[in-house]
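Visitor: Shown below is the structure under consideration.
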Amino acid sequence: MSYGDDYKYIPTTSATSGIGLEVLPDLYCYNVKIVNISLIGNPDTKDFLLVDAGMPGSANEIITATEKRFGSSSRPKAIILTHGHFDHVGAILELVKHWNVPVFAHELELPYLTGIKSYPDPDPTVEGGLIAKISSLFPNEPINLGEQVQALPADGTIPFLPAFHWIHTPGHTPGHVSFFREADRSLIAGDAFVTVKQESLYSVLTQEQEISGPPRYLTPDWTAAWNSVRKLEQLNPAVAITGHGLPMEGELLKSNLQKLSNHFDQIAIPDYGKYVKPKDLH
Ligand SMILES: [Zn+2]
Ligand SMILES: [Zn+2]
């Protein structure tokens, strides 16, 4: 197992870094610098999963947050990934070594997690803000998890997590997935949409809530991304944890997600950028 050749620590942070939120009794969201991880499972049962694996260099912080919630020496049954961008797999090798647990991701994401394929280069020329301009510094070479990563079952189920199922929400990446629990309409959306304007350094720092599409500089297929947002909006989620930004719920989530779904071309798709095609803009 190895990280990509350009793997490195990224010196960036936000107002909510290091803060954990109990969104529901069995749904915990923890912010690592600028990205969220989630722990799904009731702290009484010790039966839980980790969603995503944070920023480079954050393994100890993630282990500490996990043990704080589930007790010392606790370990998840598995790690499930919304996708394989560097800020969602940044600490995964250390975590897998420490816990010795399997990793699951969508079949179409596996080439980016087994050293076969790099994601398209981030687009520093895209419309919108400072983060995009520094995005060419972000690690982009694929990590290699070897046999430790497996495809999520094709039937939509999630190993060790029967109450949730995964939904294919491509666009931001080909094998991007979101996780949904019908019983209480809980959604873990990854980067299919986010609740902070990821392009704005100010918004990332303050974590001011504003629903927006997937991070622009790393999204190569806007038509698919729009369809994915429509799909998630139709689920009518009651609460959503997104890859970036604070969790959102209730009427605020409903109205914002509706707005994003209806006006994705104006809100999410940049006016210019190398991955924007004329057909995306209507
Ligand atoms: Zn991403
Ligand atoms: Zn992300």
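The values are calculated or read from the model by the stated rules, or taken from the named source; none is laboratory data. Source: prediction; values computed, not measured. All Cβ positions, glycine included, derive from the backbone under ideal geometry; neighbour counts span all protein chains shown. Side chains included, ligands, DNA and RNA excluded: accessible areas come from the protein's heavy atoms. Shrake-Rupley method; radii C 1.70, N 1.55, O 1.52, S 1.80 Å.
Visitor: Restricting to region 227-251, name every residue that is polar (S, T, N, Q), assigned to a helix (DSSP H, G or I) and touching a strand residue (DSSP E or B) at 6+ places or on another chain (Cβ under 9 Å).
Guide: Selection gives Ser228 alone.
Visitor: Of all residues in region 204-244, which are open to solvent by 10 Å² or more (accessible area, probe 1.4 Å) and among the polar types (S, T, N, Q)?
Guide: Once the filter is applied, which keeps residues that are open to solvent by 10 Å² or more (accessible area, probe 1.4 Å) and among the polar types (S, T, N, Q), region 204-244 yields Thr206, Gln209, Thr223, Asn227, Gln234, Asn236.
Visitor: Let me ask you something else. Report, ordered by the first and then the second residue, all pairs with beta carbons closer than 7 Å, sequence separation of six or more or different chains, a first member in region 110-125 that is basic (Lys, Arg), and a second member that is at pLDDT 85 or above and in a loop (DSSP other than H, G, I, E, B).
Guide: Lys117/Pro142
Visitor: Then there's this: Among Leu161, Leu152, which is the only one that is surrounded by fewer than 24 Cβ atoms within 10 Å (Cβ to Cβ), in contact with a Phe, Trp or Tyr (Cβ under 6 Å, 6 or more places away or on another chain) and touching a residue at least 40 places away in the same chain (Cβ under 8 Å)?
Guide: Leu152
One line per residue, one yes/no per condition, for (1) away from ligand 2 (no atom under 16 Å from the Cβ); (2) among the charged types (D, E, K, R); (3) closer than 24 Å to Phe179 by Cα:
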residue	(1), (2), (3)
Ala65	yes, no, yes
Leu95	yes, no, yes
Glu107	yes, yes, yes
Glu127	yes, yes, no
Ile131	no, no, no
Ile143	no, no, yes
Val149	yes, no, yes
Leu152	yes, no, yes
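Visitor: Hey, could you check region 198-243 for residues that are modelled with pLDDT of 90 or more and among the acidic types (Asp, Glu) and say which is farthest from ligand 2 (Cβ to nearest atom)?
Guide: Ranking the candidates gives Glu233 first.
Visitor: Here is a follow-up. How many residues are buried (at least 19 other Cβ atoms within 10 Å of the Cβ) and not in a loop (DSSP other than H, G, I, E, B) if we restrict to region 262-274?
Guide: Result for region 262-274: 1.
Visitor: Can you pull out every residue in region 241-261 that is within 16 Å of ligand 1 (Cβ to nearest atom) and touching a helix residue (DSSP H, G or I) at 6+ places or on another chain (Cβ under 8 Å)?
Guide: Within region 241-261, Gly243, His244 qualify.
Visitor: Against the conditions (1) open to solvent by 20 Å² or more (accessible area, probe 1.4 Å); (2) modelled with pLDDT under 95, where does Thr195 fall short? Just the number, please.
Guide: Here Thr195 clears every test but (1).
Let's see how each residue does on (1) under 26 Å from Glu249 (Cα atoms); (2) more than 16 Å from the chain's Cα centre (by Cα); (3) surrounded by fewer than 18 Cβ atoms within 10 Å (Cβ to Cβ):
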{"residue": "Ala15", "(1), (2), (3)": "yes, yes, yes"}
{"residue": "Leu21", "(1), (2), (3)": "yes, yes, yes"}
{"residue": "Val51", "(1), (2), (3)": "yes, no, no"}
{"residue": "Thr66", "(1), (2), (3)": "yes, yes, no"}
{"residue": "Ser73", "(1), (2), (3)": "no, yes, yes"}
{"residue": "His85", "(1), (2), (3)": "yes, no, no"}
